[in-house]
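I have placed the structure first, in the form of structure tokens, so that the comments after it can refer back to it.
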Amino acid sequence: MSKIGATPRGGLHRLALSDEDREARDLLVKWLKETKLAVTIDEMGNIFGKKPGKGKDLAPVLSGSHLDSQPNGGRFDGTLGVIGTLEVLRTLQENDVATERPVVIVNWTNEEGSRFAPALMGSGVWAGKLNRDWIYGRTDIHERRFEEELKRIRYKAKVPAKKWPVHAYYEYHIEQGPVLERIGKRIGIPKGIVCVHWYDVYLEGTANQVGPSPMEGRNDALCSAAEMILKVNDLPGKMGGDMVATVGEIQNHPNSRNIIPGRVHFTVDIRSWDDALAVRAWEDLETELKAISDRRGCPIKIEETWRIKHTAFNERLIRRILKIADRLEYPSHCMLSGAGHDACYMAQVAPTAMIFVPSIGGRSHVEVEKTKWEDCVAGANVLLHSILESALEK
Ligand code: GLV
Ligand code: MN
Ligand code: MN
């Protein structure tokens, strides 16, 4: 799967709704059909593959993740959870294991939110927490609409992206941080995920020829952004708690060495377990940004793009995963997730839990992202038994 969108340095560039995303989806659908699963694609391009259970009317167990990646990202983020679930389903089929409940694999559309913001689009619409038409109208930096791109890659189907009852949702994922490796544990069991708040900031400056324009009286949009970005970086230290705050994306216009920057766009990402603290942090930051904008004469426009509250996972499923890890003799650790996942929206509509495996060097969203194969196997075994226990429940 990771050959599709592979980068020369061992990473993955498979942005949501790109040609690479289409190719990865086509391969997944082929594998699902070969595994004799009933495939459904919905109007958000979410892909489901179902293995029936004995009890036809029982709510299924759902498991999966996403196949889209960050720009020059890694091969494990998302893909591990999809391929891990496929391996579980193949194992059940090959061993003629019948379950009470159906087991369904899912590949959610645009988990990353890097090309089209916000993130978790497929699961968010499916769970009824994001508005489909608003999502359809979202554009990338080249002004291409989400809906048109979904059509272009032939994954806009007719089936409504509308939740149905789910008995349990599992998402198997790499940790994407340093904790498990540092403490020498193989399985991470998150009790939840921090809140994620996204903002888009647009600044207007006055573009001009750099040479003849004196330094006094300039309205340099990029200098304004530079000051603002440092305010974002200072925010967690100022607010305390477990907060992190990041500017990860910036566009400078017209981006020429001899033109004073006339227009800048940048993003702000604020995360914390404490939702109220994150809101207070933003209020504080917004005041600071407006003051910089006034002082430098660069009018500011702010879009509150996305807010998702912190997620608490299902305690019963957490205990189950813990017990399974013990039984399989994998050292495990309960922790928090600093990364967002489709499990955030799923937890709002169904009992949900996640299984983490260590990230080498704590690196993720980068080309060197890697997890030892023994750890991938361990996580998949925990996923298998978790899915099986839930699917055997009447
Ligand atoms: C998802 O990849 C995130 O931004 O945490
Ligand atoms: Mn992911
Ligand atoms: Mn990611």
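Based on the Cβ-Cβ distance from Glu100 to Ile259, what FRET efficiency comes out when R0 is 45 Å, to the nearest 0.05?
Step by step, r from the Cβ atoms, then E = 0.10.
Convex hull over the Cα atoms of the stretch 1-133, averaged projected area in nm²?
Here the figure is 8.2 nm², rounded to one decimal.
Just tell me which aspartates and glutamates come within less than 18 Å, Cα to Cα, of Lys158; anything on the same chain fewer than 8 places away is out.
Asp26, Asp42, Glu43, Asp133, Glu147, Glu148, Glu149
Mind listing the long-range amide H neighbours of Asn208? Cut-off is under 5 Å, sequence gap 5 or more, other chains count too, H placed in the peptide plane at 1.01 Å from N.
It is Ile260, by chain and number.
Which whole-Hz couplings ³J(HN,Hα) result when phi for each residue of the stretch 32-37 is put into the Karplus expression 6.51 cos²θ - 1.76 cosθ + 1.60, θ = phi - 60°, listed in order with x for Gly and Pro?
5, 5, 4, 8, 6, 9
How big is D, in µm² s⁻¹, for the chain by Stokes-Einstein at 4 °C and 1.567 mPa s if Rh is the Kirkwood radius over C-alpha pairs?
59 µm²/s
Say the cut-off is 31 Å between C-alpha atoms; which of Lys54/Lys309; Lys151/Lys290; Lys33/Lys162 go over it?
Pairs exceeding the cut-off: Lys54/Lys309; Lys151/Lys290.
If r is the Cβ-Cβ distance from Gln209 to Glu303 and R0 is 25 Å, what FRET efficiency results, to the nearest 0.05?
0.20
Spin-label point model (7 Å from Cα, Cβ direction): what's the Glu329 to Asp284 distance in nm?
Roughly 5.0 nm, to one decimal.
In the stretch 213-312, which trypsin sites (Lys or Arg not before Pro) fall in coil by DSSP and have 10 or fewer other Cβ atoms within 10 Å?
Within the stretch 213-312, the qualifying trypsin sites (Lys or Arg not before Pro) (loop, at most 10 other Cβ atoms within 10 Å) are Arg257.
According to a simple spin-label model (label point 7 Å from Cα along Cα-to-Cβ), what is the distance in nm between Lys238 and Ile360?
4.0 nm
Taking Cα centroids, how far is the stretch 173-250 from the stretch 35-88 in Å?
Between the Cα centres of the stretch 173-250 and the stretch 35-88 lies a distance of 32 Å.
Take the Cβ-Cβ distance between Asp19 and Thr246 as r, set R0 to 25 Å, and report the resulting FRET efficiency rounded to the nearest 0.05.
Efficiency, from the Cβ-Cβ distance: 0.30.
How much length is gained on full extension from Leu27 to Ala6, taking 0.36 nm per residue of separation minus their Cα-Cα distance?
This chain segment gains 6.1 nm when fully extended.
Using alpha carbon centroids, what distance separates the stretch 308-341 and the stretch 354-388, in Å?
If we compute the Cα centre of each part, the gap is 13 Å.
To one decimal place, what Kirkwood hydrodynamic radius in Å is obtained for the stretch 217-370 from all pairs of distinct Cα atoms?
That comes to 18.7 Å for the stretch 217-370.
Which whole-Hz ³J(HN,Hα) couplings does the stretch 326-334 yield from phi under the Karplus relation 6.51 cos²θ - 1.76 cosθ + 1.60, θ = phi - 60°, glycine and proline marked x?
After applying 6.51 cos²θ - 1.76 cosθ + 1.60, I find 4, 4, 7, 6, 9, x, 10, 8, 7 Hz.
Are there chymotrypsin sites (Phe, Trp or Tyr not before Pro) in the stretch 72-171 that DSSP puts in a loop and that have at most 11 other Cβ atoms within 10 Å, and which ones?
none
Quickly estimate the mean residue ellipticity at 222 nm for the chain, helices only: each DSSP H run with n ≥ 4 gives -39500 (n - 2.57), and the total goes over all residues, rounded to 500.
-10500 deg cm²/dmol
Less than 9 Å Cβ to Cβ from Gly205, Lys/Arg counted +1 and Asp/Glu -1: what total charge do the surrounding residues give?
So the surrounding residues net to +1.
In the chain, what percentage of the DSSP-assigned beta bridges are antiparallel, given to the nearest 5?
65 percent
Can you put His66, His265 in order, fewest other beta carbons within 10 Å first?
Taking fewest neighbouring Cβ atoms as first place, the list is His265, His66.
If you line up the Cα atoms of the stretch 145-292 on their principal axes, what length do they span on each, largest first, in Å?
On the principal axes, the stretch 145-292 reaches 67, 45, 30 Å in Cα extent.
Would you mind calculating the gained length between His142 and Lys162 on full extension (0.36 nm times residue separation, minus the Cα-Cα distance), in nm to one decimal?
Taking His142 through Lys162 to full extension adds about 4.3 nm, to one decimal.
In whole Å, what three semi-axes, largest first, describe the equivalent ellipsoid of the stretch 318-378 built from its Cα gyration tensor (square root of 5 times each eigenvalue)?
21, 19, 9
Every number in this text was worked out from the coordinates using simple rules, so none of it is lab data. Only a predicted model underlies this, so the values are computations on that prediction, with no experimental measurement involved. Counting neighbours? That spans all protein chains shown, and the Cβs are built from the backbone with ideal geometry, glycine included.
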